[in-house]
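Q: Sharing a structure here in structure tokens format.
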Amino acid sequence: MVIAMTGRNYDTDVFVIGGGPAGLAAAMAARQRGLRVIVADGGKPPADKACGEGLMPDSLEAAHSLGISLTQLPAMPFRGIRFHGEQSRVESLFPSGHGLGIRRTVLHTALTSQAESAGIELLWSTPVTGIEDGTVHFGGQSIRSRWILGADGANSLVRKWIGCNAPIRNTRRYAYRRHYGVAPWTDHMEIYWGRGCQIYITPVNPAEVCVALISRTPNLRLDEALERFPVLQTRLRGAQPTSTERGAVTSTMQLRRITRGNTALIGDASGSVDAVTGEGICLAFQQARALGASLAQESLQPYVRAHRKLAIRPSFMADFMLLMDRSNWIRDRALHAMSTHPEIFGNLLAMHVGPMHIGRFAGTAGSLVWNMLAV
């Protein structure tokens, strides 16, 4: 492989370790700034992952800012969110725009193609074996890079190599996902709340839905969990699975540091929020945008500050939703209060996807608590 020098004895400006959505988004953000970028990944596209496959409106806005186009892909728009409880139901439209249900493999294929078109060098089936003093080692080769970005997921080796593995907090839950060949019955993403688990329904094309289970029980699988939701089980009766059941661990993890020297972490490698928020991809895209701006300033400190700020909203929502998961009393009261006063749920959704500032949410939170206690 012939490598052109970029100056100051560097072989490239940016070397991204990990070619998933976070790594490719970071690569495109750096490329927007005119930097030369190489991405290496031990796998090859399209990469799959057990997730709910719903992109919220703020995810689509962040993707657009990175030059990522998702408009012509096989996908399904959805207009809002609907919560189903055991005795209550509440829904709200997004304040503006729409979400997009899209198969993870479709998304990864699109990101890969657009990264390649942007002039990013993609090294698939190329596991990185270590980094040292600004040098990346892989396949018997070494490349000196001005910046190294670790986008290698929740079990990041880069995080371990740079000594940033100590978390401030780390909670774990378990997710399983399968697709079913059935026409979507709703233009909303639906979340069914049960005792000890949630099931997400996301329309991903006109003839298919994604069904994702999240729980604290590692051996609770979809078939068993669906028995707890008779209405949903009836909707899926007779529908044939169009994919195998795939599992993953989801966590809320906050790290003490996300940079060291010329190396920065992004995506799940830099910490994560529980999949119950549906904001993992959005966070990765927003982090990529902030990281690109930081690289243009020749400093990682602006990225550290932006990363901390970006985590506030999804972390707040994750804590609230996980509280509903842990307590049957809180979940039942909250769902009843929101169904009785749907404007509360509308304000929650507005804060979740961005338009409402978290500081202005105090009144809505107070109203929710008051109505929960008044039930």
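The values are calculated or read from the model by the stated rules, or taken from the named source; none is laboratory data. A quick note: this is a predicted structure, and the numbers were derived from the prediction, not measured. FYI the Cβ positions are ideal-geometry reconstructions off the backbone, even for glycines, and counts take in every protein chain you see. SASA here: full protein model, heavy atoms, side chains in, ligands and nucleic acids out. Shrake-Rupley method; radii C 1.70, N 1.55, O 1.52, S 1.80 Å.
Q: With a cut-off of at least 1 residues that are out of contact with any helix residue (DSSP H, G or I) (no Cβ under 6 Å at 6 or more places or on another chain) and within 30 Å of His98 (Cα to Cα), name the strands (runs of 3 or more DSSP E) lying wholly within the stretch 136-248.
A: Correct list: 167-181, 188-194, 197-205, 208-215.
Q: Further question: Which of the residues that make up the stretch 136-147 are surrounded by fewer than 23 Cβ atoms within 10 Å (Cβ to Cβ) and closer than 21 Å to Met28 by Cα?
A: Passing the criteria: Ile143, Arg144, Arg146.
Q: Name the single residue, out of those in the stretch 3-17 being more than 20 Å from Ala115 (Cβ to Cβ) and over 33 Å from the mean Cα position of the chain (by Cα), that is modelled with the lowest pLDDT.
A: Met5
Here's the yes/no breakdown for (1) open to solvent by 10 Å² or more (accessible area, probe 1.4 Å); (2) within 18 Å of Pro95 (Cβ to Cβ):
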{"site": "Leu265", "(1), (2)": "no, no"}
{"site": "Ser270", "(1), (2)": "no, no"}
{"site": "Val273", "(1), (2)": "yes, no"}
{"site": "Leu283", "(1), (2)": "yes, no"}
{"site": "Leu310", "(1), (2)": "yes, no"}
{"site": "Leu323", "(1), (2)": "yes, no"}
{"site": "Ser339", "(1), (2)": "yes, no"}
{"site": "Val353", "(1), (2)": "yes, yes"}
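Q: When you look at Phe316, is it open to solvent by 60 Å² or more (accessible area, probe 1.4 Å), assigned to a helix (DSSP H, G or I) and either in contact with a helix residue (DSSP H, G or I) (Cβ under 6 Å, 6 or more places away or on another chain) or not basic (Lys, Arg) (or both), yes or no?
A: yes
Q: Say we look at the stretch 153-164 and pick out the residues that are under 20 Å from Gln287 (Cα atoms) and in contact (Cβ under 8 Å) with a residue 12 or more places away in the chain; which of these is most open to solvent (accessible area, probe 1.4 Å)?
A: This residue is Leu157.
Q: The conditions are (1) surrounded by fewer than 22 Cβ atoms within 10 Å (Cβ to Cβ); (2) under 30 Å from Arg333 (Cα atoms), and Phe83 fails exactly one of them. Which is it?
A: (1)
Q: Consider only pairs whose beta carbons are under 6 Å apart and that are at least six residues apart or on different chains; among these, list those whose first residue lies in the stretch 132-152 and is at positive phi and whose second residue is among the charged types (D, E, K, R).
A: Taking only residues 6 or more apart or on different chains, the pairs are Gly134/Arg144.
Q: Mind listing whichever residues of the stretch 264-310 are part of a loop (DSSP other than H, G, I, E, B), of a type in the set (Gly, Ala, Ser) and in contact with a strand residue (DSSP E or B) (Cβ under 7 Å, 6 or more places away or on another chain)?
A: Hits for the stretch 264-310 are Gly271, Gly278.
Q: Which of (1) acidic (Asp, Glu); (2) open to solvent by 20 Å² or more (accessible area, probe 1.4 Å); (3) under 26 Å from Ala311 (Cα atoms) does Asp223 not meet, given it meets every other one?
A: (3)
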